[in-house]
Structure formats: structure tokens, C-alpha cells
1. Can you flag which of K61/K286; K36/K192; K566/K593; K503/K593; K213/K341 are past 30 Å Cα-Cα?
2. With a 10 Å Cβ neighbour count serving as the proxy for reagent exposure, in which order, fewest first, do R361, R639, R623 appear?
3. Between the stretch 472-490 and the stretch 579-611, what's the alpha-carbon centroid distance in Å?
4. Extension gain T283-T777, at 0.36 nm per residue separation less the Cα-Cα distance, in nm?
5. Under 8 Å for C-alpha pairs, at least 6 residues apart: give me the relative contact order for the chain, rounded to a whole percent.
6. Could you give the length gained on full extension between A225 and H609, defined as 0.36 nm per residue of separation minus the Cα-Cα distance, in nm?
7. Highest mean first, how do 290-298, 691-699 rank when packing is the count of other Cβ atoms within 10 Å averaged over residues?
8. Please give the charge dipole size of the chain, origin at the Cα centre, charges +1 on K and R Cβ atoms and -1 on D and E Cβ atoms. Round to the nearest 20 debye.
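Each reported figure results from applying straightforward, stated rules to the coordinates on display, with no laboratory input. Computed from a predicted structure; not experimentally measured. Here the Cβ is made from the backbone with ideal geometry for all residues, glycine too, and neighbour counts use every protein chain on show.
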Amino acid sequence: MRLYIPVFFLTLLLITSCEKKERKPSKKILFNTPAKVFEEAMPIGNGRLGAMMYGDVAKEKFSLNEETLWSGGPVDANMNPEAYKHLPAVRAALFNENYQLADSLVRNMQGSFSQAYEPMGFLTIDFDHAGDPTKYNRSLDLSRGIATVDYEINGTAFHRESFVSFPDQVMLVRLSAEGNDKLNFELGLNSKLPFSIVAEGAQVAMKGFSPIKSEPSYRGDMPDAVKYDSLKSMRFCTIAKVLSTDGTSAATDDRVKVSGASYAIIALSAGTSFNGFDKQPGTAGKDEMATATQYLTKAEGSDYDILLARHKEDFGKLFDRVSIDLGHSAADTLPTPERLKRFAAGEADPDLAALYFQYGRYLLISSSRPGGTPANLQGIWNEHVRPPWSSNYTTNINVEMNYWPVEVANLSELHEPLLQFVGKLAQTGKVTAKNFYDADGWALHHNSDIWAMTNPVGDFGNGYPGWANWGMGGPWISTPLWEHFAFTRDTVFLENHAYDLMKGAAQFCFDYLVEGPDGYLVTAPSTSPENDYITDKGYVGATFYGGTADHAMIRELFIDLIEATKVINKDEDLRKELETTLDKLYPYQVGQKGNLQEWYHDWEDKDPHHRHISHLFSIYPGRSITPSSTPDLMEAARRSLELRTNNGTGWSISWKISLWARLLDGDMALDAIKKLFNYIGTEEGVQYQGGGTYPNLMDAHPPFQIDGNFGGTAGIAEMLLQSHEGVIHLLPALPSEWKTGKVTGLRARGAVTVDIEWKDGSLVSAVVTPDFEGEYTIRLGDKMQTIAAKKGSRQSIKF
Ligand code: FUC
């Protein structure tokens, strides 16, 4: 008997130590050196305020953004009121197969370029340290939105932590020193935009203004590329204040100096004069100073611990809804850039995909909050006055991709900024539809900005039609309206907000479609974002008629709208019109190569590996081509994807993850993930080499674009769960390398939460929790089962 007792304790000890060894998925981005450049810095944000924390020991720097700080003012939707008069000539040229003439005539149907998202400035903290640092570490906690920096000097432990609070609308920085050495630093603000500064007491306040015009950077050097107008431009105000410290603090010129402190708490608040997409920000703007002051004063009234607790609760409430575990390796605890480099060298690191997945969720929580503007090309993090592609809303993939993960990754309410923005686009887009095509409904072209511009860009004839004249933004950006409903079953949203917008986008399509040479309805002019064709006569161009991508976007919108008319039991005539129009649309064609044809005719691509793959729209994000409903077209789509290859820009690779997932090919999806994780270093010369991932896990188009991050998160989810065919499909594209894993909290269409666990490639357990009572069909491989479930009940599924 006596023998049993030590054995019992030994077993217990073994069990506990095994438990200790069981690794949890990493939820932190780690570094062991400060950031030298943006692509190594740590993004934090609350949707409105954003910052990149660099973590230099002697010179801390936060680059600052406010989501409404854009160049320009309300768009003149009437900028080219007679553009529609050129439409008949463009169409005549097209139907006479004179593509060259069409390419040139369509330039008459262009307007001005979009405005740019502007950087607000920098918060700097210059430290006076007596010695060199050791034990340097910095980390970004994705689960709570907190960036930290730690190091030791002369045995004193220095710690910095910062976060941007959504509930309190300020950024907070806490600095501390534990040991004999103290904190001595100077706090400052500056900006790349025109600004002035006043330091008083413990506070530095900066006032400045944005350009009235900022030309897209791809237009190169040109006179007046950036123009200011101190009266009309959007104003901003940024205030940094030492809220509390046990040292001394005093204003010196334009800075605040803190000495002899063991801790200091700094708050940063900001506001702009943006007052809505249709109000002049200079003459009819909001009081930016009042906004900044009001948030600051409110934060001053709370203890740091309370502000921190409120932030953690808010952030955690969103983040903790989903957990993911794809397996572990010794790489889990390494600095993130190291992990990426090792991964690129072929070393196993399954947790990296889980980290990337959660990073996308983190970036969404930090850049898109209800009441705000949609996440732009760089989310909310931009340091350039003329940012790449103006850091605007590019609608032929980028802004929509930003929101691909939002529903499936259980962050549905963060969809709101985009869904509301569509309502603004429909207003300017109504004028655009009339002026450019004499059409009803509303239209959107390839770019937009905070002013909800919808016109074709190109500076009245200087834009390449392949991007400038693409006019299917309306149908594309309307699909998220339906998706939000499909995932939430929120009929009030569908009826009161989405429906009329979808209908307006469809009305434009009715007017835009014309009868083509074979009697089918086609779009004309058409372009296939942003690829060029080579005709059978050898002409290389962009403008043609009947593009597969256009028709696919129209198809998906019409299919969604037909369902919407049924859900809200309305507009039977409209439903019939949608159905007859769908029947008359030029059908999909399979080309000689076995591919899903991109062009009306079976032409060659100028670039067979082109990054855009919009002709595959109905596979993903659309849903009308599936392996079960249209196997031949799906096979052709596979061929198209093979011809394009899995290489590309960041977002292009991300898109391919989801496409392969819809093709139910997990290994090819994983191949795309591996390409997405291609390490792009930050040294001069390599920064722009190929699509992949920067050291801070931000997506490299290159340069940095956030769409690839979001598309990657959506793709990983799509491999584990699909629901676009009316069934909840578990593990539809599980790669052979992801042998064992677990995901909880994903969302399926029909308003269902799904948890899945698998081992050695086989399902261990699945739990579905629907928001509504009803019948749900679950699929695993080729097996299906239908269950009846009560609202909110957890249903365990066995196959
Ligand atoms: C589209 C793409 C580019 C880039 C830009 C922001 O024009 O073709 O690759 O992503 O948007």
C-alpha cells in the first residue's frame, strides 16, 4: 500500500508537467530588436486612432494616424456631366471589333483621381539613459491590443506599454523604471503636414492641416502634386499629455520634460474637422480641438488601471470569440521575423498560420469599429503624404478583401463601417451613373475615398482604361451587404439598409447591359481588372465587351437580390426581371486550354500570371460556381488557377488561398499560404521584392497593403469551414500537413457558431450553436446530416 502513494504522486507530477508542456497557440508578435522601419514596427489602434510603435531605446517613436484625416473635400460628382454622350461611340467601336478605337474613346469617360489618406504625425519620447541596454524585447499582444517594450540598463528594468482604447478614444503609454535608475525623457509631437505646436505644463498640443489635394504617387513627380489651402483643408489637432508621474514635469519650448520618475503615464488624444463626406472640412468642419480636448479630459478623470481594464475588456470581448490551434513546434516562442525566415527555409511552424489568422482579426479590431470609416488600403496605418495608391479604397479587390474575414471570423459588428459606406457611395454613385452612362441606379468605379467618390478616375483622359474605366464597383461592393445578412439573418438590416442599395446597384446593371453580337446581354465597355488581352489580330488592349468578371459580379448580385426579395417578400416584378436578365447573360465559356475564359473571345492574356483573378469571382467571394452545382466550370476554374500559378502580390496570393479552399484542395491552399509567408526583408533593395510578409507580419504587396493580411485570414477560415451552399461544411480543405488541430467560434451562414476539433486528419468533434431555432445540414467529406436545433443550443455533431 505504501508503495502506491509515491507512484500516485509521481504520476500526478508527470501529468502536470505534461500539461505544462502543452503549448498554447501564440497570440503575440515578438521582436528582440527595435524597429528601424515601419514594416518592423507594431500597429495598435481603435479603428479611429492608429499608431505604429517603434520601440527604440533612446528615441521612442509612434507614428500617428486618425482615420478621417484625408486630403481634399467633398467630391464634385458632376465633374464630367456629358460623359455619357461618348458611350454610343465606344459601344459602336467595340461591336465593330475596333478595340483600339474603343480604348481611346473610353478615355472621354473619365474624371478626377481620388484623394489620399494622410499621416497625422509622430509622438516622440527621447530618453536620457545612463548606459547601454540589455535583455531587449518587444511584443504585441494580439489578444488584448497592447504593445510592450522591455530592456534593462544598469540593472534597472525599463518597461513601456501602450494601447489605443476604443471605449476611451485615447492612446495611452505607460513608462516605468524598476531599480536605481530613473526615467528622464522629453515628450514631443511633429508632423509631415504643416503644423504648429504649443507646450504648456505637462501638455504638448499640435495643430495642423491636410492637403487640399494629393496626387496618387503612381503619377510620379508633377507640379502641385500636393497642394495646401489653410482655409479649405481639413484640420487636425493632436494633444499629448503626461497624465501622472512621480517625477517632475515641465514644458520646455515645444516639448514636455519629465525627470527623475519611476513611472509616467502619457495620454494622446486627437480630432479632425471631418464632418461627413458631403461637408467642407475647412469651412463647415467640426471643431477638432474640442474633440481632442473632450476625450483627453474624460480620460484624465480615470485611473490608468481603470482605462487599461476597460480597454482589455473591450478588446478581449471581440478577440476571444475565436481560438485556433494548428499544432506546434519549437519555433512558437521565437521572434516573429525569425519564424518567417525559418519558415521560408522550409522548417515546420504550423502555429505561424494560426498566428497569421489571429493577426488579421487583431488588425480588423484595431482598424474598423462601428461608427467609423472602413479600413483603407493600409488599414489606418500610413506615414506617407502621397501614400502608395493614395492609401484609398480600391474597389476592384482591395477594400472588399479587407472585409472578407469579418463574418466568418466572428467580428460581424466590425463590418458596419463598410456597410454604411456603401450608403454614401450610392448617393454620389447615382450622379455618376447618370452623368457617365445616362443610367439609373448607382455606379462605382475603381477608386473611392472618404468623400465617397464614385467616378472613373484618370484625370479626364489620362488614366489607363484597364483600371480607370472599370465600372463594376457597385455590384462588387454590394455583395458584402448580402453576406452580412447571410451570416446574421438580421432582416431589419436587410430591409432597412441593404435592400435598396443592392437594388440600386442592380438597376444600374439593367441599364448598363446591352445586347452583344450573339444576342446575349453583355457589359460594354468592359475591362477585366487590370489584365490586358491580345486579340486574334494581335492588338493588345484593355477595353472589350462581355467580360467574364463583370458578368460574374452581376450574377452574384442578382442571385443575392433574388433571395433578398424572397426573404422580405417584396418586389416580385423585380425578381422576375432579375431572373430573365440572368438567363440572357452571356454564359461562362471554357477556353481551348480548358480554362474558365476571361475574355468574351478565347484570347490570350498579355500577362498569363496576372495578379487579378476576377473572372473567378463566382468561385470566391461569389458562390454560384461550386464543385457540386457546376463541376465542369469548377474544373475550368482549377485550370485557370493553375495557369495563373500561386505566385503574385500579397493580396493575389491571399485570394488564391480561398479559391483553392473552394476547390476543396487543402494542399494547394496551403501552398498559397506558404507563398504568402514569403519573408520580405526591410533592407534597401529587398523591400519591394515580391509578394509576401514583412517582419511585423504585415502584408507585402509590396509595398505594405493590409488587404493581403485580411484575405489570408479569410482564406485560412475558408479551409476549415464553408457555408455558401446552404450546408455547414466542416474541414472542407484541410491540408495534409495540418494533421491535428482545433478551432472554436467560427461563424457559418445562417447565424451559427461552429467549433471543430480534428486529429490525424479526422474529425474528433464538432459543435454547432445556432442563433435561431431550425434545421441545419452539416457536411463532412461526402457525408451529410440534418439536425433540428433550438436557439442557442450547443449541438454536438458525430459522423
Ligand atoms: C489595384 C491592384 C494593385 C494594387 C492597387 C492598390 O489597382 O491592381 O495591385 O493593389 O489596387
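1. Over 30 Å Cα-Cα: K566/K593; K503/K593; K213/K341.
2. R639, R623, R361
3. 24 Å
4. Between T283 and T777, full extension yields an extra 172.2 nm.
5. Numbers: 1966 pairs, mean separation 99.8, N = 799.
It rounds to 12 percent for the chain.
6. Working: separation 384, 0.36 × 384 = 138.24 nm, distance 3.29 nm.
My answer for the length gained is 135.0 nm.
7. Working: 290-298: 17.3, 691-699: 25.7.
My ranking of the peptides, most packed first, is 691-699, 290-298.
8. 1340 debye
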